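For reference, the structure discussed in these notes is given below.
The values are calculated or read from the model by the stated rules, or taken from the named source; none is laboratory data. Keep in mind it's a predicted model, so treat the numbers as computed, not measured. Neighbour counts are summed over all protein chains in view; Cβ atoms, including those assigned to glycine, are modelled from backbone coordinates with ideal geometry. Calculation scope for accessible area: heavy atoms of the full protein, side chains included, ligands and nucleic acids excluded. Shrake-Rupley method; radii C 1.70, N 1.55, O 1.52, S 1.80 Å.
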Amino acid sequence: MGNKPALSAQELEDLLNLEDFSPVYRRANQVRQEAVGDTVHLRALLEFSNVCRRNCAYCGLRAARTQVERYRMTPEEIVDTALAAHRAGYRTLVMQSGEDPWYTPELLGQIVREIKEKTDLAITLSCGEMPREDYAHLRACGADRYLLKHETADPALYAALHPDGTLEARLRCLRDLKELGYETGGGFMVGLPGQTVKTLAQDLLTLAAIPCDMAGMGPFLPHPDTPLRDAAPGSTERTKRCVALARLLLPKANLPATTALGVRSAGEKSDVFSCGANVVMLKVTPTRYKRKYEIYPAPLADTHIVEQRRTLEEQVRALGRVPC
Ligand code: SAM
Ligand code: SF4
């Protein structure tokens, strides 16, 4: 567990409730600049399988959804896409999927090994919960980082949203990942029904307690074919406040301007860069699969990955930041 956090639960709540948050944004931006500089890291996101055995109440990939056409990319397709992302200029590949046991730790490990042999890509896995020995195997095969959001720090809310898991099990995974030497990424959704400002303060303290090297915070967006279809979407302003406070708690962390935040309204991504974020992920998932990886409804760009990256690099430079 980390040192005493820079802000208490009460201070975090008070800050989240501020009428005028602009001084905190300015401070978070300053801390970001001093701690991690002006670089914005562009990460390639490859969604290699939309098959999932879990039934998280909010997610469009949940097992109970029968409307989804499921896909699994072959190991060859995954490696080829990784090579294409590398050629397009990416230095990190995020391999994400539902919890899909078809990809055994051995198979996933072979894929990671092959990509590491053929490129100098850093590999981030985001494939859900696994036993510690599987995380250890994947680390030994070359996986550098792992993303596993804790989703919500309220145990009762966690239980209500996750019929297949507990908050304790999720946190156990995060602690295992950290101990195994992964750069460890946590995070949570903002605006889940039943969440309070108290919960958000605990969410932020959970990131600090691991302590996370990366943290993704995104607004909850209701998917029409899930039990949470009628819930209101999370607020982008509140999400940005959480990003800023995460920067104050974890000055050196990599904090993505999450995809969900970009979806809510155009221009939000540039905003989020000025309040503490220093990472952005771009989908390199082949077009034929991209539409089927629908966590929440979102417009999708069909631009080629080279052009897509170039456009984003320009946008980042226009903000006075350095794409990498
Ligand atoms: N299966 C892995 C897992 O759960 O960690 C990785 C894939 S999962 C689709 C990635 C993230 O999507 C989750 O951690 C969750 O925070 C986010 N997500 C799922 N449904 C969402 C929704 N309706 N709104 C916002 N984020 C959502
Ligand atoms: Fe599966 Fe992850 Fe979606 Fe939960 S959030 S249903 S584990 S893909």
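List of remarks:
- Checking ASP20 against (1) within 16 Å of ligand 2 (Cβ to nearest atom); (2) open to solvent by 40 Å² or more (accessible area, probe 1.4 Å), the condition it does not meet: (1)
Listed here are the residues, each with its yes/no results for (1) within 14 Å of ligand 1 (Cβ to nearest atom); (2) surrounded by fewer than 17 Cβ atoms within 10 Å (Cβ to Cβ).
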site: ARG54; (1), (2): yes, no
site: THR66; (1), (2): no, yes
site: ALA85; (1), (2): no, no
site: GLU106; (1), (2): no, yes
site: ARG113; (1), (2): no, yes
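- Counted residues, segment 114-158 - those being under 19 Å from GLY98 (Cα atoms) and free of Cβ contacts under 8 Å to residues at least 24 places away in the same chain: 2
- Some residue of segment 277-291 being modelled with pLDDT of 90 or more, assigned to a loop (DSSP other than H, G, I, E, B) and of a type in the set (Lys, Arg): yes
- For GLU183, the criteria (1) touching a strand residue (DSSP E or B) at 6+ places or on another chain (Cβ under 7 Å); (2) at pLDDT 95 or above; (3) crowded, with 24+ Cβ neighbours inside 10 Å hold in every case but one, which is (3).
- The residues on offer are ALA209, ALA201, ALA215, and the sole one that is more than 15 Å from ligand 1 (Cβ to nearest atom) and open to solvent by less than 10 Å² (accessible area, probe 1.4 Å) is ALA201.
- When each of ALA156, ALA140 is tested for being under 30 Å from PRO227 (Cα atoms), open to solvent by 30 Å² or more (accessible area, probe 1.4 Å), more than 13 Å from ligand 1 (Cβ to nearest atom) and out of contact with any strand residue (DSSP E or B) (no Cβ under 6 Å at 6 or more places or on another chain), the lone residue that passes is ALA156.
- In segment 227-252, the residues that are open to solvent by less than 30 Å² (accessible area, probe 1.4 Å) and either at pLDDT below 95 or in contact with a helix residue (DSSP H, G or I) (Cβ under 7 Å, 6 or more places away or on another chain) (or both): THR236, THR239, LYS240, ARG241, CYS242, VAL243, ALA244, LEU245, ALA246, ARG247, LEU249, LEU250
- Any chance VAL272 is at pLDDT 95 or above and open to solvent by less than 20 Å² (accessible area, probe 1.4 Å): no
- Search result, residues across segment 115-128 that are open to solvent by less than 20 Å² (accessible area, probe 1.4 Å) and either within 16 Å of ligand 1 (Cβ to nearest atom) or more than 18 Å from LEU42 (Cα to Cα) (or both): ILE115, ILE123, THR124, LEU125, SER126, CYS127, GLY128
Each row is one residue, and each column tells you yes or no for (1) in a loop (DSSP other than H, G, I, E, B); (2) among the aromatic types (Phe, Trp, Tyr); (3) in contact (Cβ under 8 Å) with a residue 24 or more places away in the chain; (4) away from ligand 2 (no atom under 14 Å from the Cβ).
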{"site": "VAL24", "(1), (2), (3), (4)": "no, no, yes, yes"}
{"site": "GLN30", "(1), (2), (3), (4)": "no, no, no, yes"}
{"site": "HIS41", "(1), (2), (3), (4)": "no, no, yes, yes"}
{"site": "LEU46", "(1), (2), (3), (4)": "no, no, yes, yes"}
{"site": "CYS52", "(1), (2), (3), (4)": "yes, no, yes, no"}
{"site": "ASN55", "(1), (2), (3), (4)": "yes, no, yes, no"}
{"site": "ARG62", "(1), (2), (3), (4)": "yes, no, yes, no"}
{"site": "ARG70", "(1), (2), (3), (4)": "yes, no, yes, no"}
{"site": "ALA82", "(1), (2), (3), (4)": "no, no, yes, yes"}
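- Which listed residue, of ARG26, ARG72, is open to solvent by 30 Å² or more (accessible area, probe 1.4 Å) and touching a strand residue (DSSP E or B) at 6+ places or on another chain (Cβ under 9 Å): ARG72
- Among the residues of segment 307-324, those identified as of a type outside the set (Ser, Thr, Tyr), in a helix (DSSP H, G or I) and open to solvent by 50 Å² or more (accessible area, probe 1.4 Å) are GLU307, ARG310, GLU314, GLN315, ARG317, ALA318.
- Close pairs from segment 235-258: first within 13 Å of LEU204 (Cα to Cα), partner of a type in the set (D, E, K, R) and buried (at least 24 other Cβ atoms within 10 Å of the Cβ), Cβ under 6 Å, at least 6 apart: ARG247/ARG32
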